[in-house]
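These notes are about the structure you will find just below.
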Amino acid sequence: MDNSKRQYYKKHLEQITSFQTSNPNENPWVLGKPKTEIIDVVDYDPNWQAQFKQIKQNIQNKLGHKALAIEHVGSTAVSDLSAKPVIDIDLIVKNPEQELNYAPILEEFGFLLTVREPSWYQHRMFRLEQPRVNLHVFGPDCPEHLRHILFRDWLRTHADDRRLYEEAKKMASVKVTNVQVYNQNKENVIKEIYDKIIKTISE
């Protein structure tokens, strides 16, 4: 991590290390709670990068300056890392609450708004079935987005932690049909890696 990036993240360190929780009384499911599905962790596929680039170009062409950033995040963004075959993308807009500025355009591409969480960083999530994409919408300097970028970039440059995380993902997916349970099963390894990242930023 170069010094300019370290200084940027250090400036936001308090927010990055404070994990906001959503309102438990808030129902985030726009179209109803999703059905259970097999959690399948597969070998890395180079096509994921190409699919992201095409989707990014489509969104950028339509949203223009409204798209402040479009980032490939999650495991499919890390070469040589096994992953669920779901492309995670963070879309940064000026104000996620103003859905009319971006939702109709995303819907033109087949994206469906499935999650709305005003109490958790104003998060919105759109789902695309083919290719399978989870598109997360956040505002500028959102701590969750910054964590996504930090974790992705760390795994891209630290092979030992990449292998550690891969093993945790495979173990976490055994006999699991719920994404929340899958995520909980790998929480300890994720925290271990984040601790290393935060230590590096703080130095």
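In the chain, the DSSP-assigned H stretches of four residues or longer account for a calculated mean residue ellipticity at 222 nm of -13000 deg cm²/dmol, using -39500 (n - 2.57) per stretch and the full residue count as denominator. Summary value for the chain: 24 percent relative contact order, contacts being C-alpha pairs under 8 angstrom separated by 6+ residues. Set the Cα radius of gyration of the stretch 127-203 against 2.2 N^0.38 Å, with N its number of residues, and you get 1.23.
Surface composition of the stretch 24-131: carbon and sulfur make up 50 percent of the accessible area, probe 1.4 Å. Out of every Cα-Cα pair that the stretch 4-119 contains, those further apart than 24 angstrom amount to 43 percent.
What do you get for GluC sites (Glu not before Pro) in the stretch 1-104 restricted to DSSP loop and a cutoff of at most 14 other Cβ within 10 Å of the site's Cβ? Counting only loop positions with at most 14 other Cβ atoms within 10 Å, the GluC sites (Glu not before Pro) in the stretch 1-104 are 26, 37, 97. The phi torsions of the stretch 94-103, fed into the Karplus equation with coefficients 6.51, -1.76 and 1.60 and a -60° offset, translate into couplings of 4, 8, x, 5, 8, 4, 5, 6, 9, 4 Hz, rounded to whole numbers, with Gly and Pro shown as x.
Bridgeable lysines around residue 56 (alpha carbons under 22 Å apart, same-chain partners fewer than 8 residues away excluded): 66, 84, 94. So if I take the centroid of the Cα atoms in the stretch 70-95 and the same for the stretch 106-131, what is the distance between those two points in Å? Each part reduced to its Cα centre gives a spacing of 14 Å. Treating each Cα of the stretch 80-123 as an identical point scatterer and summing with the Debye formula, the log10 of I(q)/I(0) at q = 0.24, 0.34 Å⁻¹ comes to -0.99, -1.39.
Taking the square roots of 5 times each eigenvalue of the Cα gyration tensor of the stretch 53-98, largest first, gives ellipsoid semi-axes of 23, 12, 8 Å. Solvent-accessible area per residue in the stretch 53-93 equals 41 Å², computed with a 1.4 angstrom probe and all protein chains kept.
The values are calculated or read from the model by the stated rules, or taken from the named source; none is laboratory data. Worth saying up front: this structure is predicted, and the values here are computed from it rather than measured. With ideal geometry, Cβ positions are generated from the backbone for all residues, glycine too; neighbour counts draw on all protein chains shown. Ligands, DNA and RNA are excluded from the accessible area calculation, which covers all protein heavy atoms including side chains. Shrake-Rupley method; radii C 1.70, N 1.55, O 1.52, S 1.80 Å.
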